[in-house]
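Asks: Structure below; questions to follow.
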Amino acid sequence: MNRVMTWSLTVLLATVAETFGAIIPPVHIGETNPETEGFTGDGVPITGAAAGGFRRIVFKGVQRYRVNLDAMPGVWTMTVRGSVDYVETHGLGVAVSIGRGMAVCIQWPDTKQVTDLETSVTLDATQLHTYQIVYDGVAASLWIDGVRSIERMTVRRADSIGVDTLSGFWIGSFSSRGASQSAWNLWKLDEGIRIVSKTAEPTASQSEAISIGSRLELFVDDFLIEKMTGGITLKLHEPVPRETVLRFDKPWEGRWSGYVTVLPDDDRFRMYYRAGLDEKPRIDDPESVCYAESTDGIHWTKPELGLYEFDGTDRTNIVWRGNGSHCGLGVFKDTNPNAKPDERYKALSGNGYQKPVWAFGSPDGIRWHLIQEDPVLTEYRGVAAAYDSHFCTRWDPTAKRYVTYHRIWYRPFGPKVRSVALRTSDDFIQWTPLRRLDFGSTAPEHIYTNGITPYARAPHILLGFPRRFLPGRKRYVDEKLLPGVSDTCFISSRDGIHFSRRFMESYLRPGRDRLGWLSRSNTVAPGMIETASDEISLYVSHGWADPAQHIRRYVIRKDGFVSAHAKYESGELLTKPITFTGNELVINYATSAAGRLRVEIQDVVGNAIPGFALEDCPVIFGDDIERTVSWQHTTNIGALAEIPVRLRFVMKDADLFSIRFVR
């Protein structure tokens, strides 16, 4: 039987304090023909490149892998996370040995249910779910999304499910043969399989620590967090609106202007945006790219550059007209040490929906040219690569490559939706195939722009402000207005492909102003800039296609996008084991008048280090961007540098935004 299926999967380590795991490498036990069955030489599906422990696998043909275990723990937990995109005739399955030639297994026979071959559980299998098989030494149970769905799973002889030499963890496509016979076509995960043993005894993995050196760490995700108790949660903080900083009031601009990019650059801030779209009087090309600049991020000017004429005058702020004008140039300053002098500034931009994309260079950010006459992106893949929105592009000094994010279409199930894809390049000309961003288990939403930018104070963390678009809504009854309303969301990532959507609520609502409810409004410009010693500014376009359209500045406290938030009742946050460099701990925090915060430094097993216990830390209260923590009248913790430790924060009516170890 022919059987093709796509499934998203990762193997997760249970995040409980008393649980420790080991990675067991998979072993190839089968044969395959890579040329005819779509596999690479080591048996990994070509379409299933791994990243961060997460992969998308297309199951085709016959391929068998297993995990050999020298000693299977008596008690274990195995967790997989995935969703079924589509199924043709057969399902996908997982089998786990429980020893003595016995095994339990689950399968996905269609997109509506999961079963242990006898007991079925109905669920929306098009959404990402967590499936956990828990074996207590006597019986195995199946938990779905943290709920015990099958209390006692059926135990079978290993040979009865077509895996005579089953040992450990197996995964593959499942095809039935007759009424009860079955066979498994199995694949490995090259990240390895985590078999988790529940034990109170410390293992080597317990002392594995996250090295943060002296870098700033934000609490935008769970990266450093072991656990939060007493009601502490991660809280999203909305930006505060300030003044209008720019209006599209020049004759060559108009109500269709937009696609703004903001760039901090030495002694000034730069702003680029698209101007004009089918406005009268027409120019040869109705779209152009304009430029504004500021020394404080608040007061912006439009310099008369004399580069391009409009209606007989060259006293304009137009810096480009021609191919790529539609998307306003996603400008960045190239820090690649090998960048050419006349390409110190670069940009990608396209002509709109399903049209090519060009690469641009400039020596000064003002005078632009095409790096080459031919476009660098012409791959449309049906309607996948839309190219009619921002290109958020930069040089990645760590990976030593160029990175760009742009809009795409994709079809998760049912109607297609807008989303965001990543491409990379070594030379800014040849770009990798697009790779759609992973937003985890969240339901698909229309994401029109993305605003993804490294946070300058912690550039290893990417923050994004995508415009969420609801095409079926229209706030005002006016035939001249396009349908659809938008708001702004908040996303973050540490690897550039897997983005957290733990905050599904709006980061920036349309508000009470009519302009906020017009189609394609509330677009955050790529680029965050520091406009004061304690604030970061964002720039938002309001009122697209309305004559009153403008750009407004919003502010957030430094590092203040998300906090570990404690209510009036006291709570605790415990970090994972970390190592640091430096000799002082600096925190960004805020409390109420009645609130407080204290910090304890522990060893990796949870014992307070003498001299740095909770009672040694004076009560901290107030509101500081940078506050140095002290214990017993000293701030010096240099003796603990490079040693794995945990931080324990006990908080009441307080917010903790970031931490940093400094010298």
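Rule-based calculations on the coordinates, nothing more; no lab input. In this text the structure is predicted, and so the values were computed from the model without any measurement. Counting neighbours? That spans all protein chains shown, and the Cβs are built from the backbone with ideal geometry, glycine included.
Asks: Calculate the length of the line joining the C-alpha centroid of segment 526-571 to that of segment 631-661, in whole Å.
Replies: 27 Å
Asks: Considering the Cα positions of segment 604-663, please state its Rg to one decimal place and its Dmax as a whole number of Å.
Replies: Just the Cα atoms of segment 604-663 yield Rg and Dmax of 12.1, 32 Å.
Asks: Check Glu226: other-chain or 5+ apart residues with amide H under 5 Å from its amide H, H built from backbone geometry?
Replies: Excluding prolines and chain starts, which carry no amide H, the hits are Leu574, Thr575, Lys576.
Asks: For a Förster distance of 56 Å, can you work out the FRET efficiency between the beta-carbons of Ile429 and Glu626, rounded to the nearest 0.05?
Replies: Plugging the Cβ-Cβ distance into 1/(1 + (r/R0)^6) gives 0.85.
Asks: For segment 240-557, calculate the relative contact order in percent as a whole number, restricting contacts to Cα pairs under 8 Å that are 6 or more residues apart.
Replies: 15 percent.
Asks: How big is the charge dipole of segment 240-557 about its Cα centre, in debye rounded to the nearest 20, if each Lys and Arg gets +1 on its Cβ and each Asp and Glu gets -1 on its Cβ?
Replies: Computed about the Cα centre, the dipole is about 1320 debye.
Asks: Between Arg502 and Met102, what length comes free when the chain is fully extended (0.36 nm per residue of separation minus the Cα-Cα distance, one decimal in nm)? Present the calculation step by step, with values, prior to reporting the outcome.
Replies: Values: separation 400, 0.36 × 400 = 144.00 nm, distance 3.89 nm.
Additional length available on full extension: 140.1 nm.
Asks: Within a Cβ distance under 12 Å of Asp603, other residues only, what is the Lys/Arg minus Asp/Glu net charge?
Replies: +1
Asks: Have a look at His542, Leu574, Ala613 and report the one farthest towards the positive end of the charge dipole of segment 520-655, computed about the Cα centre with Cβ charges (Lys/Arg +1, Asp/Glu -1).
Replies: His542
Asks: Mind giving me the nanometre distance, one decimal, between the label points for His633 and Thr581, set 7 Å out from Cα along Cα→Cβ?
Replies: Using points 7 Å along Cα→Cβ, the separation is 3.2 nm.
Asks: If you don't mind, another one. Given q = 0.07, 0.09, 0.16 Å⁻¹, what are the Debye log10 I(q)/I(0) values for segment 240-557, with equal point scatterers placed on the Cα positions and solvent ignored?
Replies: Debye intensities relative to I(0), on a log10 scale: -0.25, -0.42, -1.53.
Asks: Can I ask one more? Treating only the Cα positions of segment 352-504 as identical point scatterers, give the base-10 log of I(q)/I(0) from the Debye formula at each q in 0.12, 0.19 Å⁻¹.
Replies: -0.57, -1.28
Asks: What order do you get for 492-502, 236-246 when each peptide is scored by the mean count of other beta carbon atoms within 10 Å, highest first?
Replies: 492-502, 236-246
Asks: Would you give the gap between the C-alpha center of segment 352-373 and the C-alpha center of segment 219-235, rounded to a whole Å?
Replies: Each part's Cα centre sits 43 Å from the other's.
Asks: Moving on. Where the only charges are on Cβ atoms (+1 Lys, Arg; -1 Asp, Glu), what is the dipole of segment 279-429 about its Cα centre, to the nearest 20 debye?
Replies: Here segment 279-429 has a charge dipole of around 780 debye.
Asks: For each pair in Lys302/Lys346; Lys112/Lys400; Lys355/Lys558; Lys227/Lys400; Lys235/Lys302, compute the distance between the two Cα atoms and list the pairs where it is over 32 Å.
Replies: Violating the 32 Å Cα-Cα cut-off are Lys112/Lys400; Lys355/Lys558; Lys227/Lys400; Lys235/Lys302.
Asks: Sequence gap at least 6, Cα distance under 8 Å: using those rules, report the relative contact order of segment 393-541 to the nearest whole percent.
Replies: So the answer I get is 17 percent.
Asks: Right, here's the next one. Taking amide H positions as placed in the peptide plane 1.01 Å from N, state which residues far from Phe490 in sequence (5 or more) or on other chains have amide H under 5 Å from it.
Replies: Residues meeting the amide H criterion: Tyr507.
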